[in-house]
1. Taking 22 Å as R0, compute the FRET efficiency from the Cβ-Cβ separation of ALA141 and TRP83 and round it to 0.05.
2. With springs only between Cα atoms under 10 Å apart, run a GNM on the chain and tell me which of GLN313, GLN228, GLN151 wobbles the most.
3. So how far, in whole Å, is the C-alpha centre of region 101-150 from the one of region 190-244?
4. Considering only lysines 8 or more places apart in sequence, or on different chains, count the pairs in the chain whose C-alpha atoms sit under 22 Å apart.
5. Calculate, for GLN97 and GLN198, the FRET efficiency according to 1/(1 + (r/R0)^6) with r their C-beta to C-beta distance and R0 45 Å; round to the nearest 0.05.
6. Dividing the alpha-carbon radius of gyration of the chain by 2.2 N^0.38 Å (N being the number of residues), what value is obtained?
7. Of the beta bridges DSSP finds with both residues in region 205-359, what % are antiparallel, to the nearest 5?
8. Residues of region 120-153 with the amide nitrogen closer than 15 Å to a label point 7 Å from the Cα of LYS45, along Cα-to-Cβ, please.
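Bear in mind that the values in this text are calculations on the coordinates, not laboratory data. Because the structure is a prediction, the values reported are computed rather than measured. Glycine also receives a Cβ, built like all others from the backbone with ideal geometry; neighbour counts cover every protein chain displayed.
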Amino acid sequence: MHLGRTTLSKFLIQQSDRVEGASDLAALLIDVAAAVKAISAMTAKGALGGVLGKVGNSGGHGDTQVIKLDLLASDEMLRSCEWGGLVAGMASKELEQPYAIPDEFTRGRYLLLFDPLDGSLNTDVNSSVGTVFSVLRHDLAAPPSVADYLQPGGKQVAAGYAIYGPATMLVITVGKGTHGFTLDREIGNFILTHPDLQVPQDSSEIAINTSNARFWEPPVNRYISECQAGKTGDRARDFNLRWIASMVAEVHHILMRGGVFMYPRDTKDANRPGRLRHMYEANPIGLLIEQAGGRATTGRRRLLEVQPESLHQRIPVILGSRNEVERIERYHAEFDSGSDRPYTSPLFNERSLFRPEAHA
Ligand code: F6P
C-alpha cells in the first residue's frame, strides 16, 4: 500500500551510501527520531498528560523558568541515544554540564547536543514547540571534555529539528540539503514529504520581537523601520512583521515559505549578546538554513564560522531569505564604518560647507 514511500531509515541508508562511518550517523539519527516520537506523544497529551507547567523558578544556567516538559524531553533524548555505542557524550540545554555516557555502554564517535523543547512556554498555550539537535564528531578514544564540544557550526555532520504542531515533522540535514519528514502516527514512521527544501531568496515576512526595539542596535532599527514604513518608505513594498515566540515554528515557516527570523544583539542585559543559544539553537538552525540555500549570520559574521567559547553561551541570530539577510548584514557594515551617517563625520561639522543644509 505504502510501497513508494521513503521512510527516514530508507532515506538515511540511501544518503549514507558508501560513506565511511555514515551508517553510525544514520543509526544515531534513528535513535534521535525515536526520542522525538516519544516527546511528540508527551506534548500531544497536553493538560491530560499532567506534564504542563513549571517545576521551579531557576535553571542552573541563566533561564529563569524550568518547565516540566523540558526536563522530561531532555531525559527522553538521553535514554534514547546513550545505549547504542554511537555517541561519545551528549550536551542538553537543560544540563549545566555535558552528560557522560555510563560505563555499561560503549562510547561512539559522535557528540550530540540538543535543546529538548525549544519554545517550551508555548506548551501551556497549546502552540507549536520543537526539539533542536546538532551532531559533531569526536574521534578521540578518551571521553570528551567540555572543550571538545566547542566546535564552530561549520563542523556539524548533521543537524535538525522536530516541530510538534498539528503534525509532527522532523527536518534534517546530513550536509546534503535540508529535508522534511512527517510522522505517520498510525504506522509510527517518519515519511519523506518535503525533500530538498529551498528558502526563497526574497521575502516580506519578518519574525522579530519588536518589544525589544529600544534595545536594538541602529542597523536593526534602520531595517525594521524601513519594513514598517512599507509601500510609503524606501523599500516601496509592504512587509509582514510577526512573532510566535517559538524559534522552531518561525524557522519552519521560513523553510516552507521564506522569511527572516531575527533575535539580534541587544542591550537588554549586558551579560547576554543575544537571546538564543549558540550550540543548541543557532548552529543547528544555521546549518539547516544554509543547506536550504538561505543565509545565517550574527549581523557581522557568518554564524557557522563563529568559534563558541562556552557550552551555554548566547549569540545574535539573523537568518532566512538570502537577499534580506544580506541587506541586514550590509546595514551592520555601513553602521560599523559610519557610512550610513556621513553627515556626522568631521567633514560635516557645524561650520562645514559640506553640511547638506548649506546646499539646500
Ligand atoms: O530560546 C528560546 C525561545 O523560546 C525561542 O524559541 C524563541 O524564539 C525565543 O526564545 C522567545 O523569546 P521572547 O521571550 O523574547 O519572546
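1. 0.70
2. Among GLN313, GLN228, GLN151, the largest GNM mean-square fluctuation belongs to GLN228.
3. Going from one Cα centre to the other spans 30 Å.
4. Going through the chain pair by pair, I get 13.
5. Here the calculated transfer efficiency is 0.70.
6. 1.07
7. 70 percent
8. Correct set: none at all.
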